[in-house]
Amino acid sequence: MSLPLATYAAHSESSKGRLYKDQQAQYRNEYQRDRDRVIHSSAFRRLEYKTQVFVNHEGDMFRTRLTHSIEVAQIGRTIARALKLNEDLTEAICLAHDLGHTPFGHAGQDALNKCMRDYGGFEHNLQSLRIVDLLESRYADFPGLNLTFETREGIMKHCSKNNARELGELGQRFLNNKQPGLEAQIANIADAIAYNNHDIDDGLRAGLLTIDQLRECELLEMQYCLVTEKWETLDERRLRNEIIRRMINFVVSDLIEVSHANISEANPQSIEQVRELSKPLIGMSQDIYQLHIQLKQFLRKNLYQHERVQKMADDAKQTVKILFDAYMEKPALLSQDLQASIEQAEKENDTLGKSRLIADYVAGMTDRFALAELKRIKQVV
Ligand code: MG
C-alpha cells in the first residue's frame, strides 16, 4: 500500500496534463503511465549501448546510460518515498532524464553541439524533451510520448534563457528564476549522487583510480576508516563495494533529513507554492555538499581528464564530427525516409531543418552503431 502523499507533492489527479488529450488508464495513475511510456520507448532501449564515461565496447562491467538511469531512479524513489513525495513521478523523471544523450557521453554532446553551432546548437536536456514530445512515434493520435507537464518539467533540468523563451509554460521558471516541483528536484540531485559513486566504482575497476588515491576525498575517507576498522582484512572488491554503498547511504540520509527540515521551514501547501520559491528545498547540508563537490572535482581531475578517458573522448568527438559532416554533404548515405525529409528541407532552403534532422539522427545513435557507421562511411566516401 502506498503512503498518503504530502500536500506539497505532485498529485496525479491535479496534473497540469498532457499536450494532447488522452483517455485515462484504468489501473494506473498518470505518472505510472508516463513511466511505462518511457520504458517502452525506443530511446530508452538504446541507452543500453550508450556511454556514461567509458565507451561501450571497453567492457561489459561498466555503467551504461541505462544502468545509470536505473540507479538514479532507485536513489530518487527512496528519497521521494521518505519525504512523502510522488514516487511514480520521481521514477518517471529519473528514467527519462538521459534519453537525449548522444553516443559517447559528454564528448559526443560537445562535438554535436559544435557541429550545430550555426544551426541553434545541441543540448542533451532539450533533446530529451524533443524525444518525448516529438521524435518517438508510437501512438496513432499524437507525436512523441505525450507525457504529463510534471514529467516534462523534471526532464528540463537546465535551459538557456533563449531556449526557455521557446518552451512556453515549461520554460517560464528559467526566465523567472523559479523552481520545479520537488520530484524534479530529487531527480536532479539523485543523478549527481549516482554518477559520483558509480564513476568511482568504474574508475577503480578500470584501474584508472586507486582507493589510496581516493582517500584524499573526505567522504570516502570517512567510510574507509569505518569499514577498515570493522573488517581488517577485506579483499579489494568487497572493500570497494562496502565503501561505496555506505557513501551513497550517508549522502542520501543527509539529503533526506536536510530536505525534510527545509520543507518544514518553508511550509509549502501545494506544488504551486513550491514552484514559486526562489531556492530548491531538496538539498544536502552545507558540509556534506562541500564534500560531494570535492569528490566531483577529484573525479574531474583524475578520471574524466585521465589520459585514457581523454583519448576515448577525442576519438568520440572525431567520430561524431565525421558522421555529421558526411550526412550534411551527402544525404544519400542515409535511409530513404530520412533522405526524403532532407530533400524536402533542401527544397525549402531550410538548412536549419536539414541540420536538425541529421543532429536528431546522430544523437539517437548508440556507441556501437556510430562506430559501425564510421566504418561504413569511410569505405564508401
Ligand atoms: Mg544522468
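Coordinate-derived values only; no laboratory data. All values reported here derive from a predicted model rather than from experimental measurement. Ideal geometry is used to build each Cβ from the backbone, glycine not excepted, and the neighbour counts take in all protein chains shown.
Observations on the structure shown:
- Among the trypsin sites (Lys or Arg not before Pro) found in segment 4-88, those both in a DSSP coil and sparsely packed, with 11 or fewer other Cβ atoms within 10 Å of their Cβ, are Lys21.
- Annotation: extensible slack from Thr233 through Ala332 equals 29.5 nm (criterion: 0.36 nm per residue apart, minus Cα-Cα distance).
- What the phi angles of segment 98-106 give under the Karplus curve with 6.51, -1.76 and 1.60, with θ = phi - 60°, is a coupling list of 10, 4, x, 6, 6, x, 6, x, 5 Hz, glycine and proline written as x.
- All-pairs alpha carbon distance profile, segment 167-253, 10 Å steps from 0, percent: 14, 39, 21, 15, 9, 2
- Beyond 21 Å in Cα-Cα separation lie the following of the pairs Lys114/Lys311; Lys347/Lys378; Lys114/Lys161; Lys321/Lys354; Lys157/Lys321; Lys178/Lys296: Lys347/Lys378; Lys157/Lys321; Lys178/Lys296.
- With at most 13 other Cβ atoms within 10 Å, longest stretch of the chain clear of loop chymotrypsin sites (Phe, Trp or Tyr not before Pro) (DSSP): 232-381
- Largest-first principal axis extents of the Cα set of the chain (Å): 67, 50, 37
- Segment 88-110 and segment 122-162: distance between their alpha carbon centers, rounded to Å: 11
- Here the extension length gained between Leu134 and Glu265 equals 43.2 nm, from 0.36 nm per residue of separation less the Cα-Cα distance.
- Separation in nanometres of the label points that stand 7 Å from Cα toward Cβ, at His158 and Glu48: 3.2
- Whole-Å distance, taken between Cα centres, linking segment 180-216 and segment 314-381: 33
- Alpha-carbon centroids, segment 224-241 and segment 61-75: separation in whole Å: 24
- The chain, relative contact order [Cα under 8 Å, separation at least 6], %: 22
- FRET efficiency estimate (nearest 0.05) - Cβ-Cβ, Leu19 to Gln297, R0 45 angstrom: 0.70
- Ellipticity estimate at 222 nm from DSSP helix runs (n ≥ 4, -39,500 (n - 2.57)) divided over the chain, nearest 500: -19000 deg cm²/dmol
- Restricting segment 137-225 to GluC sites (Glu not before Pro) that sit in a DSSP loop and have at most 13 other Cβ atoms within 10 Å of their own Cβ leaves Glu166, Glu216.
- Among Leu134, Leu219, Leu89, the largest mean-square fluctuation in a Gaussian network model of the chain (Cα springs under 10 Å) belongs to Leu134.
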